[in-house]
Amino acid sequence: MTLTIQLSPEEERRLHELAAERGQPVEDFAHDVLGRLLGNAPINHSDPENGSHSRVEREWITAEEVAAEWDRIRRSGLKASSPEYQRLLERVGARDSYIWETFGPRLMERFPGKWAAIAPGGEFEIADSQVEALRRARERFGDGGACVVCLTPDRGESRLRPRKG
């Protein structure tokens, strides 16, 4: 179905702004927003030039699931080497890789060198430090609800390594 709507200049400006923040063409962003309102899974716009859209099959781990699993692991005294701990890290890592690949490059262009907290839907907070990004992520998205990353090509890894003296 094709849908045509009239937007005020302010609504159109805001739509373009939100789409740009998420690194998406306006049409794809509007389609995703409408799909979420209708209860559909987000779209993976893998080949938008040819109009091919495939539904994302994967459900990413939520902040609530991360918090519950961390709590369970802590209470049971499991070590970092335990399979349960490793599975949680893998799930969070997969989600964060998706977030970075989907939204990181566009944010890196707009806010190079800053820290970002990015939720799976593309919502984000920008900060000057990792500590501030973590605080904002916790406040807005809940514990474990966002990928906290430095907007550099190495995602801030060089800033987190021990410095040579």
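With both labels modelled 7 Å from their Cα along Cα-to-Cβ, the K79 to E17 distance reads 5.3 nm.
Looking at region 71-112, the pairs of alpha carbons with a distance over 13 Å make up 63% of the total. Shown are R95, R72, whose ranking by accessible area with a 1.4 Å probe and every protein chain present, most to least, is R72, R95.
The values are calculated or read from the model by the stated rules, or taken from the named source; none is laboratory data. Since we're looking at a predicted model, the values are computed, not measured. Glycine gets a Cβ as well: all are built from the backbone with ideal geometry, and neighbour counts include every protein chain shown. When the accessible area is computed, the model is the full protein with side chains, heavy atoms only, and any ligands, DNA or RNA have been set aside. Shrake-Rupley method; radii C 1.70, N 1.55, O 1.52, S 1.80 Å.
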